[in-house]
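Asker: Got a structure for you, written out below as structure tokens; questions coming shortly.
The values are calculated or read from the model by the stated rules, or taken from the named source; none is laboratory data. Since this is a predicted model, take the numbers as computed values, not measurements. Cβ coordinates were reconstructed from backbone atoms using ideal geometry, including for glycine residues, and neighbour counts include every protein chain displayed.
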Amino acid sequence: MSIFRRRSRDGAEPEPAEPTPDPDEDSAGKTPRASGPYDSTEVDVERARADRIDLGGLLVPRVEGMKLQLQVEEKSGRPASVMMVLDDGAVQMIPVAAPRSSGLWDQTRLQIAADAQRRGGTVEEAAGPFGTEIRIVLPVTTSDGKKAVQPSRSVGIDGPRWMLRATFLGAATTNPEVFGRLVQVVRDTVVVRGDNPMAPGDLITLRPPQQPDQQP
């Protein structure tokens, strides 16, 4: 895991391009993607790569104190998601291909809810900063054998031929300030799907970030 610092010209924390929306409400008259996350066709990609951590299919922001870890899919052995940890909270992001004509989140959240209920969890749909989200509480067993619960908030943001699934964990489920900071991490992310044909639900390829001396 590595710690990265978000860059600014004068060394100070950069001001957002526009006021950060209330994390629990959509701005009236705006789509859930009006303030990000962005498609690679909607930004200057070279500048985005310079300002963010390049994970191939995702360009994620550099934030002071944030830790990053790629998570590997068991079947293929390749990176399938990225976990961003900040202030005792975390967000896991998974980019997948989606149909050109319609969004994938409506179908995906039904699958997530059914899986959570099979595992004995409780499921609630609610409005969030990216539209309809799922709030789940799962029963878990801790490392010392005690019974506990694990809350999470899952959202799916439909973009042009992709969906970015983000699951908020830890303090992000209870602390509005931590949740808001991680929401901004998701908003500042750029999805690089590429032009290759992909079936809906296929993982968009991620890779470890390159070190400066590895840059082409």
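Asker: Can you tell me which residue within the stretch 67-102, out of those that are part of a loop (DSSP other than H, G, I, E, B) and touching a helix residue (DSSP H, G or I) at 6+ places or on another chain (Cβ under 6 Å), is modelled with the lowest pLDDT?
Answerer: Here the answer is ASP87.
Asker: Looking at (1) surrounded by 20 or more Cβ atoms within 10 Å (Cβ to Cβ); (2) modelled with pLDDT of 95 or more, can you tell me which one TRP105 breaks?
Answerer: (2)
Asker: Let me ask something else about it. Would you tally the residues in the stretch 157-202 being over 16 Å from the mean Cα position of the chain (by Cα) and crowded, with 21+ Cβ neighbours inside 10 Å?
Answerer: 0
Asker: Of all residues in the stretch 113-146, which are among the charged types (D, E, K, R) and closer than 17 Å to THR173 by Cα?
Answerer: GLU124, GLU125, GLU133, ARG135
Asker: Testing GLU64 on (1) modelled with pLDDT of 90 or more; (2) under 16 Å from the mean Cα position of the chain (by Cα), one condition comes back false. Which one is that?
Answerer: Of the numbered conditions (1) modelled with pLDDT of 90 or more; (2) under 16 Å from the mean Cα position of the chain (by Cα), the odd one out for GLU64 is (2).
Asker: Does VAL140 satisfy the criteria of being at pLDDT 95 or above and of a type in the set (Val, Ile, Thr)?
Answerer: Answer is no for this residue.
Asker: Looking only at strands (runs of 3 or more DSSP E) that fall completely inside the stretch 113-216, which ones have 1 or more residues that are in contact (Cβ under 8 Å) with a residue 12 or more places away in the chain, within 25 Å of GLY103 (Cα to Cα) and among the aromatic types (Phe, Trp, Tyr)?
Answerer: Per the criteria, 162-170.
Asker: May I pose another question? Looking at the stretch 40-61, can you tell me whether even one residue there is modelled with pLDDT under 95, touching a helix residue (DSSP H, G or I) at 6+ places or on another chain (Cβ under 6 Å) and part of a loop (DSSP other than H, G, I, E, B)?
Answerer: There is no residue in the stretch 40-61 that is modelled with pLDDT under 95, touching a helix residue (DSSP H, G or I) at 6+ places or on another chain (Cβ under 6 Å) and part of a loop (DSSP other than H, G, I, E, B).
Asker: Would a scan of the stretch 186-194 turn up a residue that is closer than 29 Å to GLY128 by Cα, basic (Lys, Arg) and at pLDDT 90 or above?
Answerer: So far as the stretch 186-194 goes, yes, one or more of its residues are closer than 29 Å to GLY128 by Cα, basic (Lys, Arg) and at pLDDT 90 or above.
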